[in-house]
Amino acid sequence: MEKSKPAEAVKNAVKTASEKIADALTPDVPGAPGSAPPSVEEPTTPHDPLPPKPEQGAPQTRTPTGAETGAPTTANGQQGAYLTTAQGARLRDTDHSLKAGPRGPVLLQDHHLREKITHFDHERIPERVVHARGAGAHGVFTAYGTAEAVTRAGFLRKGRETDVFVRFSTVLGSRGSADTVRDTRGFATKFYTAEGTFDLVGNNMPVFFIQDAIKFPDIIHAGKPHPDREIPQAQSAHDTFWDFVSLHTEAQHHTIWNMSDRGIPRSYRTMEGFGVHTFRLVNEAGETVLAKFHWKPKLGVHSLTWEEAQMLGGLDPDFHRRDLYDAIEAGAYPEWELGIQVFPDTPEETFAGIDLLDPTKIVPEELAEVQPIGRLVLNRTPTNFFAETEQVAFHLGHLPPGIDVTNDPLLQGRLFSYVDTQLTRLGGPNFAQIPINRPHAAVNDMLRDGFHQHAVHAGVAPYRPNSLDGGNPFPAGDAEHAFVDVPVTVAQAPKVRASPASFDDHYSQVRLFWLSMSPVEREHIIRAYTFELAKCYHQAIKERQLQSLANIDPVLCEQVATGLGLPAPQPTVPLADVTPSPALSQVGREWPSDGRTVGIVVDPAGDLDGVDEVRRAVFAAGMVPLLIAPHGGLVGDLPVQRTFATGRSVEFDAVLLAGAPAPAPDATPARDAKAGRPGPAAVDPRVLLLVEECWRHAKAIGAWGAGVTVLEQAGVAGTPGIVAANSGPEALAAVQQLMAAHRVWERFPASVA
């Protein structure tokens, strides 16, 4: 080293270390923020914008009226190497406002300052009242052809591929809330079909709180933060929610779904989706059936434990969003099958005594099989979150020929509400012309002008009939696959504000759900009700909800009442005699491990060759390995993704211990509160905490070599789901087999049957 150039030598050493780490990082580990690694020095050589990351996509470059342009999707992005104004004038400087001398004042004529600040001031549009917190992805839907007998919808013909955009969301929280709160999740899918856009706007629960759309403002006002203090955020554990649902008892069915593990999904990838409503399908012959839509995840239905959800709310409030995007980047594409339950289209619109127009009821799969009709794969992340995920506009009235609505009173109200919402959020009636909303079918709608009109319409006659534009546009018939408004007979009846008598049963299906749960799932439901009601201030509300629980099941009511320190009331209605539906339980089946995350604890002085072998095997199995070490950078030649300070158990589906690392230099309470755990000084206390949390959350844990001693020191050796192996591959194989059931459920025997 030249003594005259110490700074240069340090800079070169840092650059060398940075380059070594960059070289060691493989594209298989997701999370890189850009499409190219950054340099240590600020780049100064002008070049065009970097391309999107490989997993990113963007809306097709279609015209506002649906025509293909042939341009690449990057044509909608930034162009050129140089900074410009919004009008394309190149700029010399964007770091200093134009002043009268270096000390000012700033001049009003600074058009660049005013343009930049004005645009910033208007960057935010009103967030959605509900479903504000969301994440979206692009994908493709491939039809099996199995629905051709019941619907003429072209996108369901065998082998037909349709581009889609899916938005997942929570209902109650604001855009800045956490992903892992206990809440209903939206599962909204936009199919860009050749016959017009189809929006399947569903949830991760097959029933809703209310039977009639006129009650929607009430349930949302009850669930949202209290208007005087604006708390609590993104949760139902408060008085106004339980006040409403204990009085408006049709909400009890959705409420028990929310109190179950379904209310806190492990990820969007392990979440079922439901169309909620009953739709009417019509085939080429004009024959109709009624149907319900279901999304079945390839990885099975899986949820977080309550403690995991609470931890993630602080550690990583973006957990579900990050999981979705990391999985796509890693090539573990989220996948679902679309299925339908089909029912005869009878005048009564019922099946097996169940009113198909009641959105608070399900038809158990044991009574009507879910028939697979297509496959959805999400394979591209958004290029720009605002332009796509935030501006995407769904509407239940976006229907293709072959699918029609029914008289479900909740669905009927949503047909009005969604358009009305888009007018406010997206600034006018032309929201369908925003790139993410543009249809992939020709548009000739005679709609003109308005805010944000992007189309440049030709012709002089946007009306029918006309002769000045040669009669264009012309009506379509059956041969041109025009939309079918099914001519359903409307019964002669007086105008009333009422519901059919079949809507009055508020408890039988809630009891069916409870009796369909496994013992461990029932424990979780009891805990959820107990926690949420304990957060209520008023005893009267707790007592009222306990009465509803008594009408569902005496064991459920008694256990919750005990937790609240209140007496369990007697039922006021006869307990329903129902047959459980095993399909409603998340426990008891095995699922693929694709895209799961495996944490590997590394000891720099341990078996690094074994770690490398296991790491490669995890990749080969379609999962993502994250190495957890005392420090960042490299351990040997292996890149570290998490340190003992930054890693936490909730990130991982399973953990492997490749050694027993000694306490790192930062393993002190002053540096890391997790290191404050008392215990043997031989192993870093944060590793022991990691193992204890994974054990507590019923996750599989494997170890080999010196890692086996960590199991012993943590006090978990020999318990269910703990693997002590002779080698890394042996430990991985055993752990992967355990992961198929999602959790080691037998680790915690339930106290309720």
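The values are calculated or read from the model by the stated rules, or taken from the named source; none is laboratory data. Note that this is a predicted model, so its numbers are computed, not measured. Cβ sites come from the backbone with ideal geometry, for glycine too, and all protein chains shown count toward neighbours. These area figures cover heavy atoms from the full protein model, side chains too; ligands, DNA and RNA do not enter into them. Shrake-Rupley method; radii C 1.70, N 1.55, O 1.52, S 1.80 Å.
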Hey, any hits in the stretch 126-135 for a residue that's acidic (Asp, Glu), touching an Asp or Glu at 6+ places or on another chain (Cβ under 9 Å), surrounded by fewer than 16 Cβ atoms within 10 Å (Cβ to Cβ) and in a loop (DSSP other than H, G, I, E, B)?
yes
Inspect all residues belonging to the stretch 363-386 and state whether any of them is over 22 Å from the mean Cα position of the chain (by Cα) and hydroxyl-bearing (Ser, Thr, Tyr).
no
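Of the residues THR360, THR383, THR421, which single one is of a type in the set (S, T, N, Q) and in contact with a strand residue (DSSP E or B) (Cβ under 9 Å, 6 or more places away or on another chain)? Walk me through it before giving the result.
Values: THR360 fails: in contact with a strand residue (DSSP E or B) (Cβ under 9 Å, 6 or more places away or on another chain); THR421 fails: in contact with a strand residue (DSSP E or B) (Cβ under 9 Å, 6 or more places away or on another chain).
Within the list THR360, THR383, THR421, the selection yields THR383.
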Please enumerate the residues belonging to the stretch 85-115 that are open to solvent by 100 Å² or more (accessible area, probe 1.4 Å) and closer than 25 Å to GLU388 by Cβ.
GLN87
What are the residues in the stretch 476-501 that are touching a helix residue (DSSP H, G or I) at 6+ places or on another chain (Cβ under 9 Å) and in contact (Cβ under 8 Å) with a residue 40 or more places away in the chain, if any?
HIS481, VAL484, SER499
Considering the stretch 149-189, residues that are of a type outside the set (Phe, Trp, Tyr) and in a helix (DSSP H, G or I), and then whichever is farthest from PRO372 (Cα to Cα), we arrive at GLY154
What are the residues in the stretch 444-457 that are over 19 Å from GLN422 (Cα atoms) and of a type in the set (A, V, I, L, M), if any?
MET446, VAL456
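So which residues in the stretch 536-549 are hydroxyl-bearing (Ser, Thr, Tyr) and crowded, with 23+ Cβ neighbours inside 10 Å? Outline the logic, then answer.
If we filter the stretch 536-549 for residues that are hydroxyl-bearing (Ser, Thr, Tyr), which is where we start, we get 537, 548.
Scanning the stretch 536-549 gives a single hit, SER548.
Check every one of the helices (runs of 4 or more DSSP H) wholly within the stretch 190-301 and list those with 2 or more residues that are open to solvent by 10 Å² or more (accessible area, probe 1.4 Å), closer than 30 Å to VAL443 by Cβ and small (Gly, Ala, Ser). Before you say what the answer is, go through the steps one by one.
Numbers: elements: 216-223, 239-247, 252-259.
Helices (runs of 4 or more DSSP H) meeting the threshold: none at all.
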ILE552 among the β-branched types (Val, Ile, Thr) and either touching a Lys or Arg at 6+ places or on another chain (Cβ under 9 Å) or surrounded by fewer than 19 Cβ atoms within 10 Å (Cβ to Cβ) (or both):
yes
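Condition check ((1) at pLDDT below 90; (2) open to solvent by 50 Å² or more (accessible area, probe 1.4 Å); (3) not in a helix (DSSP H, G or I); (4) not polar (S, T, N, Q)) across all residues:
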position	(1), (2), (3), (4)
MET1	yes, yes, yes, yes
ASN12	yes, yes, no, no
ALA22	yes, no, no, yes
THR26	yes, no, yes, no
GLY34	yes, no, yes, yes
PRO64	yes, no, yes, yes
Please go through the stretch 613-631 and pick out each residue that is assigned to a loop (DSSP other than H, G, I, E, B) and open to solvent by less than 40 Å² (accessible area, probe 1.4 Å).
ALA621, GLY622, MET623, PRO630
Quick one: is TRP295 out of contact with any Phe, Trp or Tyr (no Cβ under 6 Å at 6 or more places or on another chain) and either farther than 30 Å from PHE644 by Cα or charged (D, E, K, R) (or both)?
no
If you scan the stretch 718-753, which residues turn out to be farther than 20 Å from HIS302 by Cβ, open to solvent by 40 Å² or more (accessible area, probe 1.4 Å), touching a helix residue (DSSP H, G or I) at 6+ places or on another chain (Cβ under 7 Å) and among the aliphatic types (A, V, I, L, M)?
ALA724, ALA753
Among the numbered criteria (1) open to solvent by less than 80 Å² (accessible area, probe 1.4 Å); (2) on the phi < 0 side of the Ramachandran plot, which single criterion is violated by ASP121?
(1)
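Taking the stretch 583-594 only, how many residues are at negative phi and either of a type in the set (A, V, I, L, M, F, W, C) or touching a Pro at 6+ places or on another chain (Cβ under 9 Å) (or both)?
Just the residues of the stretch 583-594 that are at negative phi, to begin with: 583-587, 589-594.
Going one step further and asking which of them are either of a type in the set (A, V, I, L, M, F, W, C) or touching a Pro at 6+ places or on another chain (Cβ under 9 Å) (or both), we end up with 583-584, 587, 591.
Residues meeting the conditions: 4.
Output the residue which, of all residues in the stretch 449-505 that are at positive phi and either not charged (D, E, K, R) or not in a loop (DSSP other than H, G, I, E, B) (or both), is surrounded by the fewest Cβ atoms within 10 Å (Cβ to Cβ).
First, the residues of the stretch 449-505 that are at positive phi: 449-450, 452, 459, 470-471, 481.
From the residues that got through so far, the ones that are either not charged (D, E, K, R) or not in a loop (DSSP other than H, G, I, E, B) (or both) too are 450, 452, 459, 470-471, 481.
Details: GLY450: 13, HIS452: 13, GLY459: 13, GLY470: 9, GLY471: 11, HIS481: 18.
Looking at the filtered set, the residue picked out is GLY470.
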Is there any pair linking a residue in the stretch 127-152 that is among the aromatic types (Phe, Trp, Tyr) to one that is not in a strand (DSSP E or B), with Cβ under 9 Å and at least six apart or on different chains, and which?
PHE141/PHE155; PHE141/ARG160; TYR144/LEU156; TYR144/LYS158; TYR144/GLY159
In the set ARG152, ARG167, ARG182, which member is touching a His at 6+ places or on another chain (Cβ under 9 Å), closer than 22 Å to ARG269 by Cα and crowded, with 19+ Cβ neighbours inside 10 Å?
ARG167
What are the pairs with Cβ atoms under 6 angstrom where one residue, in the stretch 513-535, is buried (at least 17 other Cβ atoms within 10 Å of the Cβ) and the other, located anywhere, is outside any helix (DSSP H, G or I) and among the charged types (D, E, K, R)? Sequence gap at least six, or different chains.
TRP514/ASP553
